[in-house]
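Quick note: the coordinates plus some simple rules give every number you see, no bench work behind them. All values derive from a computational prediction rather than experimental measurement. For neighbour counting, all protein chains shown are included, and Cβ atoms are generated from backbone atoms with ideal geometry for every residue, glycine included.
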Amino acid sequence: MIRRLMIANRGEIALRIIRACRELGIESVAVYSDADEQAPHVHAADFAQHIGGSPAPDSYLNIPQLLDAARRAGADAIHPGYGFLSERAHFARACGDAGLTFVGPPPDAIERMGSKIGARELMQRAGVPVVPGETPADQSDDAMLAAVTHIGFPALIKPSAGGGGIGMKTVRAASEVLDAVQGARREAKAAFGDGTLYVERLVERPRHVEIQVFADTHGNVVHVFERECSIQRR
């Protein structure tokens, strides 16, 4: 039973989790960087812990700082939200090693699916069709240009880590590739601490359909049917 939950995130997602905690009778702990000291999620939570400087690598991506904050706050569980460390298996494993419940998939599942490159490879081995793509072992600008040229235009340059479209860049000509690669790498490092990139052929006007699956540690698994994400608006 979770008594006190620390949210290793900020902003709107942290507020959602805080509201859910309140409905469930669970105490909430917010974390904040120097820049977020007066952010709404800090004031909404039952408790708050400072975790470092404004850059994400100094705070929201700093695993020792987060674990220390959980210890200081007396939390017994950590919810990663989305982005930041939510898809990093070593964070989930570190939480378990520290005696904290990680609210999310087990580390081995994250290792398989948290990397989009790894997820593509897993699906290909399982015979699932995937969009044509290429991952240069050499992550240099020249290697990325060669990969885009091989896949063909238009193409997407995508970070392997994280999600939410952060760092994705569309390129329609060779002259656009260098700026796109450097921008994608910079954004991915800032948001996820990992600048690894890969290339996919751009699918124009796609439909984004998800089937969400939830499971617990007792072997119970449910799905909540399909969701047409193409009509979502931010």
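Things to note:
- Neighbour cut-off at most 16 other Cβ (10 Å), DSSP loop, chymotrypsin sites (Phe, Trp or Tyr not before Pro), segment 78-167: TYR82
- Modelled FRET efficiency - R0 41 Å, ILE231 with HIS43, Cβ distances, 0.05 increments: 0.80
- Additional length obtainable on full extension of the chain from LEU24 to MET113, 0.36 nm per residue less Cα span: 29.1 nm
- Only the Cβ atoms of Lys and Arg (+1) and of Asp and Glu (-1) were treated as charged; on that basis the dipole of segment 129-201 about its Cα centre amounts to roughly 220 debye.
- An ellipsoid equivalent to segment 129-201, defined through the eigenvalues of its Cα gyration tensor, has semi-axes of 17, 13, 11 Å when rounded to whole angstrom and sorted largest first.
- Estimated Rh, segment 81-209: Kirkwood, alpha-carbon pairs, angstrom: 15.5
- At full extension, MET1 and HIS150 could sit 48.4 nm farther apart than now, given 0.36 nm per residue minus the alpha carbon distance.
- Per-pair calculated FRET efficiency, R0 = 25 Å: TYR82 and VAL209 via Cβ, rounded to 0.05: 0.85
- Within segment 147-234, the GluC sites (Glu not before Pro) that combine a DSSP coil assignment with at most 16 other C-beta atoms in a 10 angstrom radius are GLU204.
- Computed from the alpha carbon atoms alone, the convex hull of the chain holds 149 Å³ per residue.
- Calculated on C-alpha atoms, the gyration radius of segment 59-104 divided by its Kirkwood radius gives an Rg/Rh of 0.90.
- Estimated dipole of the chain in Debye, rounded to 20 [Cβ of Lys and Arg +1, of Asp and Glu -1, Cα centre]: 440
- For segment 121-140 and segment 164-196, distance of Cα centres in Å: 18
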